[in-house]
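Here's the structure we're looking at; comments come further down.
The values are calculated or read from the model by the stated rules, or taken from the named source; none is laboratory data. Since the structure is predicted, the reported quantities are computational estimates derived from the model, not experimental observations. Positions of Cβ are generated from backbone atoms using ideal geometry, with glycine treated the same way; all protein chains shown enter the neighbour counts.
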Amino acid sequence: MSYAEPFETGATLKLRKKHPCGNDCWRVLSVGAYVEAQCLGCGKIKSFDPFDLRRLVIARVNAR
């Protein structure tokens with residue numbers, strides 16, 4: 001099952017895999033050809049392909 005809702009700037013997403021820092025929550029910074037998100041544990045910013053990110057998302061923690 002994949003995440004069906006559209007990605008919105010400011011939303012916090014919980015992913016299936018943990019980041020090396022140990023956190024699994026990311027905040028969406030920008031949406032375009034790629035979704036740019038920031039790890040809430042260490043602050044690292046990473047670009048995700050939207051199709052791959054939909055597969056990784058477990059739940060939306062909150063919206064703005």
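Residues that are in a loop (DSSP other than H, G, I, E, B) and either over 16 Å from Arg55 (Cα atoms) or in contact (Cβ under 8 Å) with a residue 40 or more places away in the chain (or both) within the range 5-18 comprise Glu5, Phe7, Glu8, Thr9, Gly10, Ala11, Arg16, listed in sequence order. Considering (1) modelled with pLDDT under 95; (2) on the phi < 0 side of the Ramachandran plot, the lone condition that Gly10 does not fulfil carries the number (2).
Out of all the residues in the range 24-33, which are closer than 15 Å to Val57 by Cβ and either in a loop (DSSP other than H, G, I, E, B) or touching a residue at least 60 places away in the same chain (Cβ under 8 Å) (or both)? Residue satisfying the conditions is Asp24 alone.
Listed by first and then second residue, the pairs linking a residue in the range 47-64 that is under 18 Å from Lys18 (Cβ atoms) and at pLDDT below 95 to a residue that is among the aliphatic types (A, V, I, L, M) and not in a helix (DSSP H, G or I), with Cβ atoms under 7 Å apart and 6 or more places separating them unless they lie on different chains, are Leu53/Val35; Leu56/Leu15; Val57/Leu13; Val57/Leu15; Ile58/Leu15; Arg60/Ala11; Arg60/Leu13; Val61/Leu13. Selection of the range 4-23 for residues being closer than 14 Å to Asn62 by Cα and in contact with a Lys or Arg (Cβ under 9 Å, 6 or more places away or on another chain) yields Glu5, Phe7, Glu8, Thr9, Gly10, Ala11, Thr12, Leu13, Lys14. Only a single item in (1) under 19 Å from Asn62 (Cβ atoms); (2) assigned to a loop (DSSP other than H, G, I, E, B); (3) touching a residue at least 12 places away in the same chain (Cβ under 8 Å) is not met by Gly43, and it is number (3). Looking across the range 29-64, just one residue is surrounded by 14 or more Cβ atoms within 10 Å (Cβ to Cβ) and among the polar types (S, T, N, Q), and that is Gln38.
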